[in-house]
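Engineer: Before we start, here is the structure in question, set down as structure tokens.
The values are calculated or read from the model by the stated rules, or taken from the named source; none is laboratory data. Just so you know, these numbers come straight off a predicted model, no measurement behind them. Here the Cβ positions follow ideal geometry from the backbone for every residue, glycine too, while neighbour counts run over all protein chains shown.
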Amino acid sequence: MSYLQQRLKEMNITQKDNTFTATNIEHTNQRFSFFSEDADGNIIISYLSPDGFIEYYTPDNKKFLPFNRIRYKSPDDNKRKYKQAFGTEVIPFSTPRIIESFQKKEKVKTLYITEGEFKSFSLSKEGIHCMGIGGIHNFKNKDKDKLHQYIIDFIKTCQVENIVLLFDADCLKVEWKENEDLTTRLKQFHSAVSTFNELLKPFDVTMYFAHIDVNSEHKGIDDLLNAVKNKKDVLDELTSFTSGSENRKYIHTYKVSGVSPYNIKRIFGLDSVQTFFEKNFSLLQDKEFIYYKDPYYCDANGKLSVSWKGEQNNYIRIGTDYFKKVIETSPNKQTEINLKRWTITTIKADYNKSNIFINKIQKCDSFTNIPENDPKEYKQIVHSEKNGIKSVLYNRYELVSHIPSEGDWSNIDNLLHHIFDYQNCSGEPLYEFALDYLQILYKSPVTKLPVLCLVSKENGTGKTTFLEFLRAIYVENMRILDSDRISSKFNGSWAGKLVVAIDESLIAMDKDTVKNRIKMIATNKTIPLEEKGLEAREIPNFAKLIMCSNDENNFMRIDQEENRYCIIKVPAIPLDKRDNKLYDKMIKEIPAFLYFLKNRKLHYPDVSRLYFDERIYTTPALKKVKERTEAPLIKHIKDVIRGQFEKSNTDYVRLSLKALYDLVKLQYAYADRLKIQEWLNDNNYKTSSASNIEYYLPDNDEPIKTKAKYYEFEINNFFSEEELADLLVNG
């Protein structure tokens with residue numbers, strides 16, 4: 001059987017039913033078929049006007065062609081089921097019952113309008129006056145401002161009293177889809193009913209809206225009539241206008257004329273979200289759903305609440321400024337949460353019912369910065385109170401996500417040994433110092449620690465890998481910067497972070513402002529937070545500063561009295577021991593390493609503002625940087641004094657101001673007697689009464705003897721223990 005034959009058989013449409021004597025363009029009668037088929041097996045649906053004339057259209061304004069619509073056997077490439085000639089308007093489908101009554105000008109009490117030619121034809125067979133339309137809005141003329149003339153003509157000619165707009169069972173059906181507004185389709189059907197009602201107001205008719213029961217197995221009226229045993233039951237419900245009757249089984253009908261727009265919306269569940277939810281309770285009871293662009297959910301108490309799937313939690317208001325939490329991905333594919341300033345105008349544009357949304361955003365009075373890595377103690381929102389004043393603060397510190405668990409961390413240990421087996425000036429490896437440093441960083445993040453400097457002129461040392469390893473632990477709480485960013489006025493990207501690292505840094509020797517900022521980060525209790533467009537404000541500062549550089553001696557200026565820095569010279573990793581997968585291996589070991597730190601006992605006691613005794617982290621590399629930092633005059637003063645010790649083989653040297661000046665002048669043309677005097681005073685050297693002293697010229701092993709007031713210098717202040725040992729060995 002062809003597709004046409006199947007459809008006609010399903011609806012019990014005989015050849016006689018399908019045949020009609022119509023009037024053609026020449027005003028002569030001809031045999032006419034409502035439904036035929038083309039060469040491809042598609043159904044051709046031919047149209048007549050209410051008075052029985054064949055519908056024509058003129059594609060070139062010359063030739064008249066019969067108007068029809070094609071019902072595809074299978075949807076085309078664009079998933080369309082129907083097609084009609086380009087440029088033609090929609091026309092109501094006049095059924096035999098319509099034409100018969102119109103030609104006789106019979107009085108018709110009720111006219112039915114339904115979507116689809118086959119459906120209207122099925123009702124016509126049962127004696128129902130029904131016109132078909134090609135879509136739920138296709139009852140209008142081509143200008144879309146009034147009913148199609150054929151409908152108007154039938155209403156007037158047949159003195160119609162009632163009009164019923166009949167839709168399929170799925171016109172009220174809702175299918176839940178994530179992130180899709182469930183009212184979209186319902187609003188289309190509601191619009192069709194409301195528009196039809198408005199267009200009917202100029203006429204003395206009463207409008208009803210009817211639809212097949214939503215739980216019916218049969219979508220359209222044609223399917224329903226074909227399936228039930230007793231068609232009369234269906235037709236009785238169709239022609240009975242007792243709206244809302246509980247006894248209705250097949251068709252539900254609602255009076256629309258004279259009914260408020262609110263009650264028309266109520267039919268579709270569009271009057272309120274509560275009505276919508278109750279109508280679709282079985283589908284929506286355990287789901288979040290979108291109603292009129294707003295997401296809702298039913299809480300544990302059965303109350304419907306607006307929900308934006310937690311999106312309101314992505315925003316926060318600090319004082320009068322709004323911020324959005326944005327997840328960003330770093331080059332090594334790590335993700336981190338950052339706060340980005342967001343305007344309230346943008347929020348209102350992004351969310352319907354924005355006032356409700358904005359009211360759900362967490363509001364805080366100011367930022368704070370309280371580092372805490374114990375999930376039991378950590379708080380993102382901090383409540384503070386003093387003298388009856390209560391404040392809500394937003395903690396910029398993010399909880400570390402790794403959960404400590406016992407296990408192997410051998411790859412981490414290998415890297416730590418490689419870097420921190422470097423010895424201090426006492427010959428003690430810094431490995432235990434490093435473990436203490438990392439343990440304090442994790443367990444007591446508010447404790448101040450020395451500035452850690454990893455230096456090496458060689459490549460492939462593991463410095464950057466160490467920084468990336470720490471970054472993997474502390475993520476949002478650590479920033480890796482270059483020297484330009486650390487010197488910038490705006491510090492919003494790193495101020496308040498637990499770890500601030502400067503990778504491959506070369507900070508110019510004359511940049512005192514940068515040096516002072518580093519000192520401030522390392523030891524100050526607060527730090528000014530300065531962001532573009534925002535007023536600067538103080539926040540607590542617990543930053544631990546780590547610097548990596550390829551310049552071993554000149555990466556920054558460090559004065560002799562400075563005790564903030566631990567400088568470690570890192571050797572290159574031998575080529576045969578380099579592991580390109582080391583970082584990935586260490587990432588997997590982080591939980592085990594944190595478990596170790598959590599349960600380990602600290603090796604060194606807390607004895608200073610930077611926890612450690614500075615002798616623990618004073619290294620030969622630090623001394624070299626300090627020596628390079630000194631002003632040329634001071635270096636020459638020390639060189640002269642050291643030279644006197646080497647020639648005299650004594651534990652002390654006595655020099656007058658004149659002798660010291662003369663000796664320095666031999667080496668440094670810019671020697672200044674007054675500045676030498678200042679250096680002596682600054683270092684608390686006192687002159688003695690006049691006495692006999694001896695000193696040596698550079699190229700003479702015989703001492704010069706004289707009597708003068710002198711300064712006394714002790715050997716321990718000018719040589720390290722290693723250097724003293726060498727002097728002793730060499731006589």
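Engineer: Based on what the data block shows, is R97 touching a residue at least 24 places away in the same chain (Cβ under 8 Å) and out of contact with any Phe, Trp or Tyr (no Cβ under 6 Å at 6 or more places or on another chain)?
Structural biologist: Numbers: touching a residue at least 24 places away in the same chain (Cβ under 8 Å): yes; out of contact with any Phe, Trp or Tyr (no Cβ under 6 Å at 6 or more places or on another chain): yes.
Answer is yes for this residue.
Engineer: Among residues belonging to the range 697-714 that are in a loop (DSSP other than H, G, I, E, B) and touching a strand residue (DSSP E or B) at 6+ places or on another chain (Cβ under 9 Å), point out the one that is farthest from L657 (Cα to Cα).
Structural biologist: Result: P703.
Engineer: Going by the conditions given, is V160 assigned to a loop (DSSP other than H, G, I, E, B) and either more than 21 Å from I264 (Cβ to Cβ) or among the aliphatic types (A, V, I, L, M) (or both)?
Structural biologist: So V160 fits the description; yes.
Engineer: Checking the structure you have, find out if any residue of the range 470-478 is touching a residue at least 24 places away in the same chain (Cβ under 8 Å), surrounded by 19 or more Cβ atoms within 10 Å (Cβ to Cβ) and under 30 Å from T320 (Cβ atoms).
Structural biologist: yes
Engineer: Could you say whether any residue in the range 684-692 is assigned to a helix (DSSP H, G or I) and more than 30 Å from D421 (Cα to Cα)?
Structural biologist: At the first step, the residues of the range 684-692 found to be assigned to a helix (DSSP H, G or I) are none.
There is no residue in the range 684-692 that is assigned to a helix (DSSP H, G or I) and more than 30 Å from D421 (Cα to Cα).
Engineer: While we're on this one: Go through the residues of the range 375-394 one by one and say whether even a single one is within 24 Å of F466 (Cα to Cα), part of a loop (DSSP other than H, G, I, E, B) and either of a type in the set (A, V, I, L, M) or out of contact with any helix residue (DSSP H, G or I) (no Cβ under 7 Å at 6 or more places or on another chain) (or both).
Structural biologist: No.
Engineer: Residues that are of a type outside the set (G, A, S) and touching a Gly at 6+ places or on another chain (Cβ under 9 Å), at least 3 per element: which strands (runs of 3 or more DSSP E) completely within the range 1-107 meet that?
Structural biologist: 19-23
Matching residues to (1) over 26 Å from P620 (Cα atoms); (2) in contact with an Asp or Glu (Cβ under 7 Å, 6 or more places away or on another chain); (3) of a type in the set (V, I, T):
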residue	(1), (2), (3)
M556	no, no, no
N563	no, yes, no
I568	no, no, yes
K581	yes, no, no
I587	yes, no, yes
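Engineer: Take K249 and tell me if it is over 25 Å from I361 (Cβ atoms) and of a type outside the set (G, A, S). Give the steps one after another, and end with the answer.
Structural biologist: Working: over 25 Å from I361 (Cβ atoms): yes; of a type outside the set (G, A, S): yes.
Taking the combined requirement at face value, the residue satisfies it.
Engineer: Out of the range 266-321, which residues are aromatic (F, W, Y), within 13 Å of L182 (Cβ to Cβ), in contact with a strand residue (DSSP E or B) (Cβ under 8 Å, 6 or more places away or on another chain) and touching a residue at least 24 places away in the same chain (Cβ under 8 Å)?
Structural biologist: Matches in the range 266-321: F276, F277, F289, Y291, Y292.
For (1) in contact with a strand residue (DSSP E or B) (Cβ under 8 Å, 6 or more places away or on another chain); (2) in a helix (DSSP H, G or I); (3) farther than 27 Å from F277 by Cβ, each residue gets a yes or a no:
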| site | (1), (2), (3) |
| --- | --- |
| F189 | yes, yes, no |
| N197 | yes, yes, no |
| F203 | no, no, yes |
| E217 | no, no, no |
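Engineer: Could you name every one of the strands (runs of 3 or more DSSP E) located completely within the range 239-312 that has at least 3 residues being crowded, with 18+ Cβ neighbours inside 10 Å?
Structural biologist: It comes to 251-255, 289-291, 294-298.
Engineer: If you don't mind, another one. What is the number of the single condition among (1) farther than 26 Å from T195 by Cα; (2) within 59 Å of the chain's Cα centre (by Cα); (3) at pLDDT 95 or above that I70 does not meet?
Structural biologist: Status for I70: all satisfied but (3).
Engineer: State whether one or more residues within the range 411-428 are polar (S, T, N, Q), loosely packed, with under 13 Cβ neighbours inside 10 Å, out of contact with any His (no Cβ under 9 Å at 6 or more places or on another chain) and not assigned by TED's automatic domain parsing to the domain that holds V499.
Structural biologist: no
Engineer: From L147, L111, L48, grab the single residue that is under 21 Å from L8 (Cβ atoms), surrounded by 17 or more Cβ atoms within 10 Å (Cβ to Cβ) and in contact with a helix residue (DSSP H, G or I) (Cβ under 9 Å, 6 or more places away or on another chain).
Structural biologist: Of L147, L111, L48, the one residue that is under 21 Å from L8 (Cβ atoms), surrounded by 17 or more Cβ atoms within 10 Å (Cβ to Cβ) and in contact with a helix residue (DSSP H, G or I) (Cβ under 9 Å, 6 or more places away or on another chain) is L48.
Engineer: Give the residue, chosen from A621, A671, that is crowded, with 20+ Cβ neighbours inside 10 Å and not in a helix (DSSP H, G or I).
Structural biologist: Checking each option against the conditions leaves just A671.
Engineer: Go through the range 429-469 and give me each residue that's surrounded by fewer than 21 Cβ atoms within 10 Å (Cβ to Cβ) and touching a Ser or Thr at 6+ places or on another chain (Cβ under 7 Å).
Structural biologist: Listed by number, the list holds a single entry, K448.
Engineer: Is it fair to say I155 is in contact with a Leu (Cβ under 8 Å, 6 or more places away or on another chain) and in a helix (DSSP H, G or I)?
Structural biologist: Spelling it out, I155 is indeed in contact with a Leu (Cβ under 8 Å, 6 or more places away or on another chain) and in a helix (DSSP H, G or I).
Engineer: Something else: Just to be sure, is I128 within 14 Å of V205 (Cβ to Cβ) and either out of contact with any helix residue (DSSP H, G or I) (no Cβ under 6 Å at 6 or more places or on another chain) or not assigned by TED's automatic domain parsing to the domain that holds L225 (or both)?
Structural biologist: On the way: within 14 Å of V205 (Cβ to Cβ): no; either out of contact with any helix residue (DSSP H, G or I) (no Cβ under 6 Å at 6 or more places or on another chain) or not assigned by TED's automatic domain parsing to the domain that holds L225 (or both): yes.
Against the criterion (within 14 Å of V205 (Cβ to Cβ) and either out of contact with any helix residue (DSSP H, G or I) (no Cβ under 6 Å at 6 or more places or on another chain) or not assigned by TED's automatic domain parsing to the domain that holds L225 (or both)), I128 does not qualify.
Engineer: If you go through the range 122-133 one residue at a time, do you hit one that is among the acidic types (D, E) and closer than 22 Å to Y56 by Cα?
Structural biologist: no
Engineer: Can you pull out every residue in the range 1-23 that is at pLDDT below 90 and over 16 Å from I43 (Cα atoms)?
Structural biologist: Answer for the range 1-23, where residues must be at pLDDT below 90 and over 16 Å from I43 (Cα atoms): just N12.
Engineer: With respect to A592, determine if the residue is part of a helix (DSSP H, G or I) and either of a type in the set (A, V, I, L, M, F, W, C) or in contact with a helix residue (DSSP H, G or I) (Cβ under 9 Å, 6 or more places away or on another chain) (or both). If you could, list the steps in order and put the result at the bottom.
Structural biologist: Values: part of a helix (DSSP H, G or I): yes; either of a type in the set (A, V, I, L, M, F, W, C) or in contact with a helix residue (DSSP H, G or I) (Cβ under 9 Å, 6 or more places away or on another chain) (or both): yes.
For A592, the condition - part of a helix (DSSP H, G or I) and either of a type in the set (A, V, I, L, M, F, W, C) or in contact with a helix residue (DSSP H, G or I) (Cβ under 9 Å, 6 or more places away or on another chain) (or both) - is met.
Engineer: Next question. State all residues of the range 624-668 that are under 60 Å from the mean Cα position of the chain (by Cα), assigned to a loop (DSSP other than H, G, I, E, B) and either modelled with pLDDT of 90 or more or surrounded by 15 or more Cβ atoms within 10 Å (Cβ to Cβ) (or both); if no residue qualifies, say none.
Structural biologist: Within the range 624-668, E630 is the sole residue that qualifies.
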